[in-house]
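Data first, discussion second: the structure below is written as C-alpha cells.
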Amino acid sequence: MLPAPRGRPGSAFLRLAGAARTMAGAPTVSLPELRSLLASGQARLIDVRSREEAAAGTIPGALNIPVSELESALQMEPAAFQALYSAEKPKLEEENLIFFCQMGRRGLQATQLAQGLGYTGARNFAGAYREWSQKEG
C-alpha cells in the first residue's frame, strides 16, 4: 500500500492548476489575461509569424519578428535592434514579454527560445492569433 501524499490539503490541485498555465514547460497567457495586460499597458507583444502573415492582420501593438530571426534579434545590441525593428529591444527582466503566432506552435518555440536566452518574463499566448481574430477581430 502506498503512503498518503503529504502536504497541505488541496496542494495537488494547486500544482495541477499551475501546470495548466504552462504549455510544454513554457508559461502561457490566456485571452482574458492578455486583454487585461494590454488595457493596462503591461504587455509587450511579439508576433513571430512571417511578415506576410503579420501584414494580413495582427494584434494591435505587436512587433513582428519572424521566429526564424528571433534568436539573432534577441541577441542584438539595443541600437541595432532599434535600427532594424524600429522599436526598443526587450529587456531580460521584462515581466510580460508575450509571444504569439497563428496556432501556438511557433509562439511556444519563441517563448522557450527567449527563456533560454534569459528573458525571465517570456510567455506564450496559447490561443494565438487564431483565437484573437475569432473573438476580437
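Please treat every number below as a calculation from the coordinates, not as lab data. As the structure is a computational prediction, the values presented were derived from the model and not from experiment. Counting neighbours? That spans all protein chains shown, and the Cβs are built from the backbone with ideal geometry, glycine included.
How big is the shadow of the Cα convex hull of the stretch 28-136, averaged over all directions, in nm²? Walk me through the numbers on the way to the answer.
Values: hull surface 24.2 nm².
Spelled out: convex hull of the Cα atoms, projected over all directions, averaged, 6.0 nm².
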* **Under-5 Å amide H pairs with Ile98, H placed in peptide plane, nonlocal only** => Arg44, Leu45, Ile46, Arg123
* Asked: Ala26's amide H: which non-local residues (gap 5+, or another chain) put their own amide H closer than 5 Å, with H modeled 1.01 Å from N in plane and none for Pro or chain starts?
  -> none
* For Ala80, put the label point 7 Å out on the Cα→Cβ axis and report which residues of the stretch 101-137 keep their amide N under 14 Å from it. => none
* According to the square roots a ≥ b ≥ c of the eigenvalues of the Cα gyration tensor, what is the shape class of the stretch 30-76, taking rounded for a/c under 1.5, prolate for a/b larger than b/c otherwise, and oblate for the remainder? -> oblate
